[in-house]
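Please read the structure below before turning to the comments.
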Amino acid sequence: MSEPTNDDDEKVKWLKEELGFHHAFNYKTNDVTEALKQAAPDGADVYFDNVGGELSSAVINSMREWGHISVCGSISGYNESNLPKATIIQPAAIFKQLRMEGFLYSRWHNRWEEGITQLTQWVREGKIKYRETVTEGFQNTPKAFAGMLQGGNLGKAVVKV
Ligand SMILES: NC(=O)c1ccc[n+]([C@@H]2O[C@H](COP(=O)([O-])OP(=O)(O)OC[C@H]3O[C@@H](n4cnc5c(N)ncnc54)[C@H](OP(=O)(O)O)[C@@H]3O)[C@@H](O)[C@H]2O)c1
């Protein structure tokens, strides 16, 4: 469990030193295209998109031929009254023959218990490591949500009621 933090470099350190990622970078202080060029000079094969907007356009335009994109979320637009405009991705999709698919967790609703059981086992075995930023009190939910959008968390945002 973590206290709220605004130190994004601490998150990068955690990803590399504790979780064992070969590359990680602070998206607020780095040029995404440049950072990806350093980490994956031939382009990325897979992108799990939680973000949308310009960051995702930069990633998708940096992908390798035949790459796959799983679209899970678009958090960069959740606090905007108008959806953000971003660089088009169609040229990359066409010339690199990318495959993109959005999904909702409810598609696997019938496997919910199986998922919980398996994930719990992996957490117990140390195969999945996690951190949480816990906000106490249901009345503080808006504060927790705003903090999550402002980079105030390390790991999963949780509200304890
Ligand atoms: N498809 C589905 O069925 C499904 C189901 C549940 C959730 N989701 C999606 O999954 C994603 C994660 O949700 P969660 O509840 O698990 O959130 P979370 O882990 O509690 O935290 C979300 C993280 O998003 C990052 N973030 C916020 N604004 C950002 C921005 N503008 N650009 C880049 N990163 C940003 C923040 O990281 P930093 O602190 O580093 O900024 C934050 O820690 C969301 O997009 C959500 O909508 C999808």
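The values are calculated or read from the model by the stated rules, or taken from the named source; none is laboratory data. Fair warning: this is a prediction, and the values are worked out from it, not measured in the lab. Remember, those area values only see protein heavy atoms, side chains included, never the ligands or the DNA or RNA. Shrake-Rupley method; radii C 1.70, N 1.55, O 1.52, S 1.80 Å.
Side notes on the structure shown:
- Per residue accessible area of the chain, 1.4 Å probe, in Å²: 74
- Sulfur and carbon atoms: percent of accessible area, the chain [1.4 Å]: 55
- Taken over the alpha carbons of the stretch 58-161 as equal point scatterers, the Debye sum produces base-10 log I(q)/I(0) values at 0.12, 0.21 Å⁻¹ of -0.69, -1.19.
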